[in-house]
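These notes are about the structure you will find just below.
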Amino acid sequence: MELTQLRHFLKAAQILNYTRAAEELFTSRQALCHTLGNLEKELGQPLFSNERNHLSLTEYGEYLLHAFRDLVADFDRTEADVNRFFHQSVTLHVSFAVSLFPFHLPNIDPILQEFSARHPHVLLNIDRRTPDEIVDEVECGAVDCGILLQMPTLRPDCSATPLRTSDVAVGSGPNSPLYGKKVLTLEELSTVRLIGMGSLDKIANPFWEDCRRTGLVLNYTVVPNAVDALYQIRNSLASGFNTFLNDPNALPVSHPAVPKALLPGYTWEVAALCPKNRPNFHAAHLFAVFLQEKYRSETYQAEEVE
């Protein structure tokens, strides 16, 4: 099967009229029928049924339509993306979550400078948003890349590249009933006020769904600023939910000098989310992979602050 054959088949399957399909393909009806005939010979099955001048798809034609429609559309988008990347400068719209600074993305400035030096024709247009805003922007395709702290979540229309990962832990001040605990249960979390940097259904969907299934009600407040969250945790005004585990052998660091209790079964990741429907998707994915490689290297591993 060739791409041209599939394009001609998809157009004929969409219109179900050989003459009109040929016109839209800027070819003759005879050439279109010849191409489709060769495709049917190659596959060994008829793709169209023509009864009383009424064209319809056969069982095999319907299968081929569903099998290749998205594939050809993806190829067309990729082809346009590649042509744009090779022939002109590309501007990537990147949003970083404000909650990532200063603890979760150390040394980001030299990393961005290195990327710009290596890819001078890729221009970075960077802003900062709350985690909730980034999820909304990514889901509606308003940005090329959104970077935030989240639990791994299936987003079918988006590519997720993890930059840093850690087990989920909860940090608590000295006057909190959770202070000094090593391991927590979901039920224990319902006894204290929790704060996090984004809505649970947006940034912690696996945890959120487990709470819903068990009927657990949490006293949870969104505090997107990391410094404000640290102040509340240290002064026992709340326990911090979206924190990394204090582990000197773990790559990520989190709020310093706050004891943390492990919440088994859940993982945080600083992830770069790239919507697949954006024109510059592949350039954005190139940027995401670059960040991933840098944060996995020893050069940019930050030490735990005590």
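The values are calculated or read from the model by the stated rules, or taken from the named source; none is laboratory data. None of these values were measured; they are calculated from a predicted model. Every residue, glycine among them, receives a Cβ derived from its backbone with ideal geometry; neighbour counts consider all protein chains shown. These area figures cover heavy atoms from the full protein model, side chains too; ligands, DNA and RNA do not enter into them. Shrake-Rupley method; radii C 1.70, N 1.55, O 1.52, S 1.80 Å.
Observations, loosely collected:
- Radius of gyration, Dmax [region 113-238; alpha carbons; angstrom]: 17.3, 54
- Ranked by the mean number of other Cβ atoms within 10 Å of their residues, highest first, the peptides 197-206, 141-150 come out as 141-150, 197-206.
- A Stokes-Einstein calculation at 37 °C with viscosity 0.692 mPa s, built on the Kirkwood radius of region 103-157 over Cα pairs, returns a diffusion coefficient of 250 µm²/s.
- Cross-link reach is defined here as a Cα-Cα straight distance under 20 Å, omitting same-chain residues fewer than 8 places apart; for K276 the lysines meeting it are K202.
- Relative contact order computed over region 78-232 (Cα-Cα under 8 Å; 6+ residues apart), in percent: 26
- Computed packing ranks the peptides 118-128, 32-42 as 32-42, 118-128, most packed first, by mean other Cβ atoms within 10 Å.
- Using the empirical formula 2.2 N^0.38 Å as the baseline, the Cα radius of gyration of region 60-101 reaches a ratio of 1.92.
- Among beta bridges that DSSP assigns inside region 19-128, antiparallel share in %, nearest 5: 35
- For region 132-204, size of Cβ-based charge dipole, Lys and Arg +1, Asp and Glu -1, in debye: 520
- Dimensions in Å of the chain - Rg and Dmax from alpha carbons: 25.8, 83
- As a fraction of the 1.4 Å probe accessible area of the chain, surface on carbon and sulfur atoms comes out at 50 percent.
- Of the residues L178, L16, L273, the one that moves most in a GNM of the chain with alpha-carbon contacts below 10 Å is L16.
- Relative contact order for the chain: 22 percent, from Cα pairs under 8 Å spaced at least 6 residues apart, divided by residue count.
- Over region 159-218 - Rg/Rh using Cα atoms and the Kirkwood inverse-distance radius: 0.98
- Net charge in the neighbourhood of L25 (other residues with Cβ under 13 Å of its Cβ; Lys, Arg +1, Asp, Glu -1) is +2.
- Debye-sum result for region 20-130 in log10 I(q)/I(0), which assumes one identical scatterer on each alpha carbon, at q = 0.16, 0.19, 0.22, 0.23 Å⁻¹: -0.88, -1.12, -1.31, -1.34
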